[in-house]
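Engineer: Structure incoming, see below.
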Amino acid sequence: MIAYNFLQSVRLLADAIESFNVHCAEGIEANLSNIEAHVRNSLMLVTALNPKRSAGRQSPAKVAKGSRCRHHLREAAVSLGFVTGEEFDEWVRPELMIGPKE
């Protein structure tokens, strides 16, 4: 009885996985522009500003807090006078922050 129920559960799970694949997963394509926008506006990018100014962690924290209201980290950093737009673009490079490629 236990073996029968186990096999039936495995079949149900396999059918569910197959159905998910056919009806949900096949044909999915990444929206690269949307992904890039989310990466560019991530609050975690503020860590790239820490070593650039001698003011310590307080200023990057203010930038992160300010960007929550504006929804753009760059806009907050520039409007708070922490960096210029050019400095932000030079220093905050998400593609360099992902670690070594294997």
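Engineer: Show the residue pairs that are 6+ apart or on different chains and have beta-carbon atoms under 6 Å apart, the first residue being within region 80-102 and of a type outside the set (Gly, Ala, Ser), the second being at pLDDT 85 or above and surrounded by 10 or more Cβ atoms within 10 Å (Cβ to Cβ).
Structural biologist: Taking only residues 6 or more apart or on different chains, not a single pair turns up.
Engineer: Could you please find all residues in region 31-42 being hydrophobic (A, V, I, L, M, F, W, C) and open to solvent by less than 70 Å² (accessible area, probe 1.4 Å)? Can you show your working first?
Structural biologist: Residues of region 31-42 hydrophobic (A, V, I, L, M, F, W, C): 32, 35, 37, 39.
Result: 37, 39.
Engineer: A follow-up question, please. Is region 78-97 home to any residue that is of a type in the set (D, E, K, R), open to solvent by less than 60 Å² (accessible area, probe 1.4 Å), at pLDDT 85 or above and on the phi < 0 side of the Ramachandran plot? Step through it out loud before you land on a result.
Structural biologist: Step one: filter region 78-97 for residues of a type in the set (D, E, K, R), giving 86-87, 89-90, 93, 95.
If we keep only those that are open to solvent by less than 60 Å² (accessible area, probe 1.4 Å) as well, we get 87.
Filter once more, so that each one left must be at pLDDT 85 or above: 87.
From what is left, the residues that are on the phi < 0 side of the Ramachandran plot are 87.
Scanning region 78-97, I find at least one residue that is of a type in the set (D, E, K, R), open to solvent by less than 60 Å² (accessible area, probe 1.4 Å), at pLDDT 85 or above and on the phi < 0 side of the Ramachandran plot, so the answer is yes.
Engineer: Pairs, please: C-beta under 7 Å, at least 6 apart or cross-chain, first residue within 9 Å of residue 94 (Cβ to Cβ) and in region 31-48, second part of a loop (DSSP other than H, G, I, E, B) and not β-branched (Val, Ile, Thr)?
Structural biologist: 48/97
The values are calculated or read from the model by the stated rules, or taken from the named source; none is laboratory data. Note that the coordinates shown come from a computational prediction; the quantities given were computed from them, not determined experimentally. No Cβ is skipped: glycine too gets one built from the backbone with ideal geometry, and neighbour counts run over all protein chains shown. What goes into the accessible areas is simple: the full protein's heavy atoms, side chains included, and nothing from ligands, DNA or RNA. Shrake-Rupley method; radii C 1.70, N 1.55, O 1.52, S 1.80 Å.
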